[in-house]
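Since every read-out is calculated from the coordinates, none of them should be taken as a lab result. Not measured: the values here are computed from a predicted model. Positions of Cβ are backbone-derived with ideal geometry, glycine not excepted, and every protein chain shown enters the neighbour counts.
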Amino acid sequence: MRLLLASLVAAAACESGPAPAPVRLQAGSLAGEAILAVVPAHDLRINARVPPAIELAAGGLVRLARGRVSMDSSYFLEPPWDVRPPGIPIRGALRVSFCRADESVCRSVMLPVDLQE
Amino acid sequence: MRILCSALAWIISISLPGASAAHGQLVHTTTTAGVPRPAPAWDNTSWLNAEAPVRLDQLRGRVVLLNFWVFTCGNCTRTVPSLVEFDSRYRREGLTLIGIHTPEFPPYAGEHDRNNVAKALARHGITYPNAQDNDRRTWDRYAIRYWPSFVLIDKRGRIRYEGAGEFHVGDPTYRAWEQRIRALLAE
């Protein structure tokens, strides 16, 4: 699991927009299942108390809440992930709460996402 | 599986304001041409730890510290002990602490739920009034960008200090806020 998630971090399968995004959504596979993971920039921590969610344009929600968290459950220690719902286009907005370690504040971001197989 | 991941543009809800960022803190003194601006009134209707909605005009003659926070924010909850300490030490001297609980996520995350806020208040020992700012109206009126943020209002209802960022009892930022509170109480 950790190797997979680490590989997701290392991979550069996603192209981001003109400005560097604080996080990116990546697709991968785990034990034959397709998964989605949210990969933060190297200096960011993703808030685990309100895990990332994809608000689907067609309606519905995909929460990405699996993954090890810090002792106080504040942050994910690895990219939060979950199994990709089969047969559903992952199109909509990814909402993530994250914190920069050097700022001591939380902030949130919304990214348009459009994953196609 | 081929991945087409299009991050078309990222929309960040907040960006660095014209504030100094030192030691992880975003703190600055707010004055406009030497004249502090009046604090905007708020009209939140859902309050906890208050028998009735608290209004700014009721607080003239008291120093008011607003804390914009949300219980899912670790930076916020780790700062709560400092705020509880301020409340304990300075309420009788004229400080009113008010939490403005502003959700970060839509209602599906549970941050809008009054019961969840009440549980968080109990969990963290918060006894000072807290408003639910579920529509972010007060957040917007004060042009807040970060969790947690702080606004210190003087006895005349004017914003004197604004800042953001976690701090802890006894640390330099705590002492700075305490010094500001004491200065305004003494005016």
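Among B:T102, B:T138, sorting on how many other beta-carbon atoms sit within 10 Å of each Cβ, with the fewest leading, yields B:T138, B:T102.
Taking the inverse of the average 1/r across all pairs of different Cα atoms in the stretch B:39-186, what Kirkwood radius in Å do you get? Numbers along the way, then the final one.
Working: mean 1/r = 0.0661 Å⁻¹.
Result for the stretch B:39-186, one decimal place: 15.1 Å.
Which net charge results for the neighbourhood of A:S70, defined as the other residues with beta-carbon distances under 13 angstrom from its beta-carbon, given Lys and Arg at +1 and Asp and Glu at -1? Numbers along the way, then the final one.
Values: positive: A:R45, A:R49, A:R68, B:R78; negative: A:D72, A:E78.
Around A:S70, the charge tally is +2.
Distance from the alpha carbon centroid of the stretch B:34-57 to that of the stretch B:69-117 works out to 15 angstrom. With K and R counted +1 and D and E -1, the other residues having a Cβ less than 14 Å from that of B:W139 yield a net charge of -2.
Summing Lys and Arg as +1 and Asp and Glu as -1 over all other residues whose Cβ lies under 9 Å from the Cβ of B:G61 gives a net charge of +4.
If each residue's Cβ is checked for other Cβ atoms within 10 Å, how do B:Y174, B:Y108 rank with the fewest at the top?
B:Y108, B:Y174
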